[in-house]
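Taking it in order: structure first as structure tokens, then the write-up.
The values are calculated or read from the model by the stated rules, or taken from the named source; none is laboratory data. Just so it is clear, the model here is predicted, and its values are computed rather than measured. Heads up, the Cβs are rebuilt from the backbone with ideal geometry, glycines too, and the neighbour counts pull from every protein chain shown.
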Amino acid sequence: MIKLFENGAYLIHGTELVEDNAEAASVLAAKLPRTVTKEDAAKNTMAYGILEQHNTSGDMENLKIKFDKMTSHDITFVGIIQTARASGLKEFPIPYVLTNCHNSLCAVGGTINEDDHMFGLSCAKKYGGVYVPPHQAVIHQYAREMLAECGAMILGSDSHTRYGALGTMAIGEGGGELAKQLLGKTYDVARPGVIAIYLEGEVAKGVGPQDVALAIIGATFGCGYVKNKVMEFVGPGVDKLSADFRIGIDVMTTETTCLSSIWKTDDKIREWYETHDRPEAYKEMHPGEVAYYDGVCYVDLSRIKPMIAMPFHPSNTYTIEELNANLMDILDDCEKRAQVSLDGKVDFTLKDKVKNGRLYVEQGIIAGCAGGGFENICAAADILKNQSIGADEFTLSIYPASTPIYMELAKNGRLADLIGTGAIVKTAFCGPCFGAGDTPANNAFSIRHSTRNFPNREGSKVQNGQISSVALMDARSIAATAANQGYLTAATDMDVEYTGPKYFFDKSIYEKRVYNGVGKADPDVEVKFGPNIKDWPEMIPLTDHLLLKLASVIHDPVTTTDELIPSGETSSYRSNPLGLAEFTLSRKDPEYVGRAKAVQAVEKKRETLGCMCKADESMKPMMKSIKARFEGIEINGGNTGYGSTIFAVKPGDGSAREQAASCQKVLGGWANIAKEYATKRYRSNLINWGMLPFVMEEDFAFDVDDYVFIPEIRKAIMDKTSVIKAYVVNKDFKELELRLGDLTDDERQIILDGCLINYYRYH
């Protein structure tokens, strides 16, 4: 089904792979009229060409990218614009779209959500942006319909910013990277590797894009095969997939931890742009005659079967056939995994879902940027036509990804077909994907065509003794399960005639409701601030030396951004840095905020009075020991900062949310210590908030309240020291070797200045 090459490979004429091994040179010589070097062939990927066109550094090994367009939603745009405003923003320099698809429901915090929306509209008017009102479209569907262009680059403040199927290289990052673009700066990154996703064959009837995506995620995530690289989709199998099908695979590439994606384009993509009244946005794209890739993920589409990603990660994949055949064993494995993910805080089982040998689920959801596409919903409607979802526990909700899709479903009758089954069809909203809508009952099991199934991602609260869980599936198999009234069923087990209706896009829907202020900035417009919208607190530059106190220690194999700062109802507070910070690690380590605040209280006294005169009792012997060991370092003076830190094995998987880092910062955090970082974007978020992204190779048993002293840290940053010595004071000054990895000069200066806002203020 899927094979990962051990080596790189050459792709000849877009169809033939030659693995880079001892025989490669002779094979290439026999097939090509001239000698091709690996270096030249690497320049023939689509990814290289797009990056070269957008790079401003003149050095293709160290890129400084300027994007064509940007997009954010209502959980992120307030903080981004506030950061840029504090740094001197005058006008949006490129088209910047502000969608309102996350905090669409004004059910938490009174007026907070709608206040944020009005902030966005006023900023679109003042700075010259685009404002998409709530329920019109989810962020990524609007970007596909209205922003994507072949050969363009788009930066978004959402991790699922992926428009590669439409020929657009898109990257999801934390808000600091978008603020840089708003201020005319660049996105700085070493040239990423490029992995060919070579598709061959044709999918079977009933297999959908989520099935293909989950199979790829299952094969690549655990081994990090495409981590921080570009996935380039090539091969004859691409031609057999519709544009919607490609989009459905593409959006899920985020879950592999890749940096971005790009696909070859053809007449099906041309037709897609023509349907959306933007034919000028299309151009044919394909690799050069001979292209070199750093690796290959070979996918035989004909062997893909309906898939399911069991709790609590999109990579925990099985075929539905395999699950049904080994049901109790797989459920037992899920329960063991849950004990790790949930720290044993709640009882979790799925075995009680087995009824008469079959797995019963209580909820089905088809939604958002992954599931809410036109073809997915029409296929589900074909399966469910004249059926009933039943009158028991099972429910089915469907969220079209945009109002134009909703309108066409109404016109072609599929909307009526779905409603007639007992399903509920709702407006465009991302809520089910991050815990702000359709939270299941306690102990319930939901199957969803959405993007993630992390712990509590569906909205339950472990700290309150609740737990429900999500498995990811394709819309077709969700509909098949709904037709069997909640009993897990693969779509390939149903005899269905898929009608494949043609899609007609009605652009007048957006023309009537979307505010487009691009090129029409009006500096006289007053920005509207609701009472929850707060400025970023003052942040000081990095001190000469650091004393860090461990405020949380997390031993999970991977820590998601959902665990670092929960989503769901807390999202309403993302326009209030201090208010949101109260929820930091609340579902993982509820004591973290109190510990961090206690450390911060001492540091605030140092900043005000120049000494740590209010140190807690446990800190005093630490200070005495440091003074005795490091003569000449004034630990009690103004040149030694005191802050909190966390240790996590591999933090940062999942969302691009910068608040996973900024919440730690506003609570006095000065660093993370990790074995590695799950994604580039989380590491970038730490840097942009002036936090040190330490990694360490040695295994060391940190405990909460350990003290780590790092002398000469400021000098080490300035001198570009590769290995930084640190000492665990309360454990006999155990010496640690910390590394920061590659940092650009700008990133070093951001850390020295204390945060991105200071960097722009000082320079």
Report task. Give the residue that is surrounded by the fewest Cβ atoms within 10 Å (Cβ to Cβ), with candidates limited to residues of the range 170-190 that are more than 20 Å from the chain's Cα centre (by Cα) and in a loop (DSSP other than H, G, I, E, B). Result -> G184
Report summary line: With criteria (1) buried (at least 24 other Cβ atoms within 10 Å of the Cβ); (2) of a type outside the set (A, V, I, L, M); (3) assigned to a strand (DSSP E or B), Y142 comes up short on (3)
Query raised in the report: Which members of the range 10-42 meet the condition of being surrounded by 13 or more Cβ atoms within 10 Å (Cβ to Cβ), without any contact (Cβ under 8 Å) to a residue 40 or more places away in the chain and either in a loop (DSSP other than H, G, I, E, B) or not assigned by TED's automatic domain parsing to the domain that holds K229 (or both)?
Result: N21
Requested in this report: Exactly one condition in (1) at positive phi; (2) surrounded by fewer than 24 Cβ atoms within 10 Å (Cβ to Cβ) is not met by G167; state its number.
Outcome: (2)
Query raised in the report: Has the range 82-96 got any residue that is out of contact with any strand residue (DSSP E or B) (no Cβ under 8 Å at 6 or more places or on another chain) and of a type in the set (S, T, Y)?
Result: yes
Query - Checking C755 against (1) under 29 Å from the mean Cα position of the chain (by Cα); (2) surrounded by 17 or more Cβ atoms within 10 Å (Cβ to Cβ); (3) free of Cβ contacts under 8 Å to residues at least 12 places away in the same chain, the condition it does not meet - result: (3)
Query raised in the report: Going by the structure shown, is G500 in contact (Cβ under 8 Å) with a residue 40 or more places away in the chain, out of contact with any Ser or Thr (no Cβ under 8 Å at 6 or more places or on another chain) and under 21 Å from T570 (Cβ atoms)?
Result: no
Query raised in the report: So which of D522, D535 ends up being under 30 Å from I94 (Cα atoms), out of contact with any Pro (no Cβ under 9 Å at 6 or more places or on another chain) and assigned to a loop (DSSP other than H, G, I, E, B)?
Result: D522
Requested in this report: Could you pull out the residue among V553, V462 that is at pLDDT 95 or above, at negative phi and surrounded by fewer than 23 Cβ atoms within 10 Å (Cβ to Cβ)?
Outcome: V553
Report summary line: Here the qualifying pairs (Cβ atoms under 6 Å; residues six or more apart or on different chains; first in the range 721-749 and assigned by TED's automatic domain parsing to the domain that holds A674; second in a strand (DSSP E or B) and of a type in the set (S, T, Y)) come out as V729/Y707; N730/Y707; F733/Y727; E735/Y727
Query raised in the report: How about the range 687-763: which helices (runs of 4 or more DSSP H) wholly inside it have at least 3 residues that are among the aromatic types (F, W, Y)?
Result: 756-762
Query - Where a residue in the range 91-105 is farther than 21 Å from K180 by Cβ and its partner, wherever it lies, is among the polar types (S, T, N, Q) and not in a loop (DSSP other than H, G, I, E, B), with Cβ under 8 Å and at least six apart - result: H102/S571; N103/N113; N103/S571; N103/S572; S104/N113; L105/N113
Report summary line: Those residues of the range 314-339 which are touching an Asp or Glu at 6+ places or on another chain (Cβ under 9 Å) and of a type in the set (A, V, I, L, M) amount to I320, I330
Query raised in the report: Has the range 123-132 got at least one residue that is of a type in the set (K, R), in contact (Cβ under 8 Å) with a residue 24 or more places away in the chain and surrounded by fewer than 22 Cβ atoms within 10 Å (Cβ to Cβ)?
Result: yes
Query raised in the report: Mind checking whether some residue in the range 570-580 is within 16 Å of G654 (Cα to Cα), β-branched (V, I, T) and surrounded by 22 or more Cβ atoms within 10 Å (Cβ to Cβ)?
Result: no
Report summary line: Scanning the range 143-159 residue by residue, those under 12 Å from S260 (Cα atoms) and modelled with pLDDT of 95 or more turn out to be M153, I154, L155, G156
Query - Entirely in the range 332-441, the helices (runs of 4 or more DSSP H) that have 3 or more residues that are under 31 Å from the mean Cα position of the chain (by Cα) and farther than 26 Å from K502 by Cα - result: 431-434
Query raised in the report: Restricting attention to the range 479-499, does a residue exist that is surrounded by fewer than 18 Cβ atoms within 10 Å (Cβ to Cβ), assigned to a loop (DSSP other than H, G, I, E, B) and either assigned by TED's automatic domain parsing to the domain that holds S242 or among the hydroxyl-bearing types (S, T, Y) (or both)?
Result: yes
Requested in this report: Taking T403 as the residue in question, decide whether it is among the hydroxyl-bearing types (S, T, Y) and more than 25 Å from R337 (Cβ to Cβ).
Outcome: yes
Query raised in the report: Only one of I533, I540, I554 is in the same structural domain as V599 (by TED's automatic domain parsing) and within 30 Å of L585 (Cβ to Cβ); which?
Result: I554
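Among the listed residues D562, D506, identify the single one that is modelled with pLDDT under 90 and under 30 Å from N376 (Cα atoms).
Every option except D562 fails the conditions.
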